[in-house]
Amino acid sequence: MKSIDKFWMCVLGLCSLVLFSCSSDDDDAGGSGLQNNFFNVENGEYVDGELPVGTDDMMLQSSSFDASALPGGSSFLTLRSNEELSEVNLSVKGQAGYIRVPLSDPDVVSAEVRSTSLYEYTVLVLISQNLEGNFTIEFTTVNKDGEVSSKVTKEVSYVEAGTGSLQVNLRFSNEKDIDLYVVEPNGNVICYDSPFPYYSEEYQALVDWDEYDGEEPAWGTIGLDVDSNAGCEIDGINSENIFFDESCLQKGTYQVWVNMYSNCNPSIPTGYVVLANYKGNMIVNNLPNGNPASGEFPINTPDNPIGDELTGATKVMEFTINEGREPGRSRASMPAPKALGKGFVNQLTRH
């Protein structure tokens, strides 16, 4: 059986050129409403027409699509069939057109019920930063003989998340507590226990806050705003999100790290994808693994319950922004903010 590492290598090689515009006007954005407001797939072709629908109910043995999606993130579509497929067609209910995606080089996996093998395809779907609500994805598949399957529909729930001027998003393939870290040019580490950019009002409020003697500040929405499955309290979102407004961006080099804080189910591997958007476009990753950057935590990856020290974490991106505030003094020379603790981000009262 082939390793699922192959898929993550495909993500690395195929997806690095995808761009999303922040404009909500279809003509200004230079693409279709489907692509600009919902999703796109690298190596896919937009077709201005009705989704092809056949009558073959048996072509797909099973399929899955992430139950939630957030703007500027990604989702996984997994298809299993007892025959090889040539393409999948994706659309959104109520939207014009569809995206045709060629399929090739599947993994061969064991069927869960019968003693046979299935062909498995995984497609990375890149969610638009303009996504504004729930949607229904519709798709059909085409086999090597050109026959089209019946239509499959999946309901997708919208998860609110910030995009700002700079957005870094982590999506992982199953329900585990995987953390996202962004290191700012002055060394400040944004993560679950210090969720705010250094030059934000929220960061200073966190430095000044005494939870025993003072009332909790009225936190704004900035920095880490989605912290999924914290401490293995499963929410099923399987994503983390960090974003910056232009006012708190630093000029210089940023680093992005991921870490398996708690492996809630060590018996299965976990793939992940990290996306970084700057002013609506995918920013260039200075590391060789591209943008999106992908990888996998293998079976039995141990827990690594670290804070902002990054010991044992995996560096996946490094990129440079040539505009913004000068970093000034090193974060190490300044008073440290209070460490909030695991899961506290999800309890903050945001305004």
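Derivation of every value follows stated rules applied to the coordinates shown; laboratory data play no part. Not measured: the values here are computed from a predicted model. Neighbour counts run over all protein chains shown; Cβ positions are idealised from the backbone, glycine included.
Here are the numbers:
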| item | result |
| --- | --- |
| Packing-based ranking, highest mean first, of 266-277, 187-198 given that Cβ atoms within 10 Å are counted | 187-198, 266-277 |
| Amide H contacts under 5 Å for Asp235, placed H, 5+ residues apart | Asn229 |
| Length-normalised contact order of the stretch 198-262 in % [C-alpha pairs under 8 Å, at least 6 apart] | 29 percent |
| In the stretch 188-250, the GluC sites (Glu not before Pro) that fall in loop regions by DSSP, at most 13 other Cβ within 10 Å | Glu211, Glu215, Glu233 |
| Ordering of 104-110, 224-230 by burial proxy (mean other Cβ atoms within 10 Å per residue, highest first) | 224-230, 104-110 |
| Sites Glu155 and Val207, calculated FRET efficiency, Cβ-Cβ separation with R0 35 Å, nearest 0.05 | 0.25 |
| Unsatisfied cross-links (Cα-Cα over 31 Å) in the set Lys154/Lys176; Lys151/Lys342; Lys251/Lys342 | Lys151/Lys342 |
| Qualifying GluC sites (Glu not before Pro) in the stretch 88-154, DSSP loop, other Cβ atoms within 10 Å at most 11 | Glu112 |
| Inter-centroid distance (Cα atoms) of the stretch 229-249 relative to the stretch 43-57, Å | 34 Å |
| Surface/4 of the Cα convex hull for the stretch 54-192, nm² | 10.8 nm² |
| Charged-residue dipole, Cβ positions (Lys, Arg, Asp, Glu), the stretch 166-347 about Cα centre, Debye nearest 20 | 820 debye |
| Of every Cα-Cα pair in the stretch 166-347, the percent that sits beyond 30 Å | 16 percent |
| Fewest-first ranking of Leu103, Leu287, using other Cβ atoms within 10 Å as the exposure measure | Leu287, Leu103 |
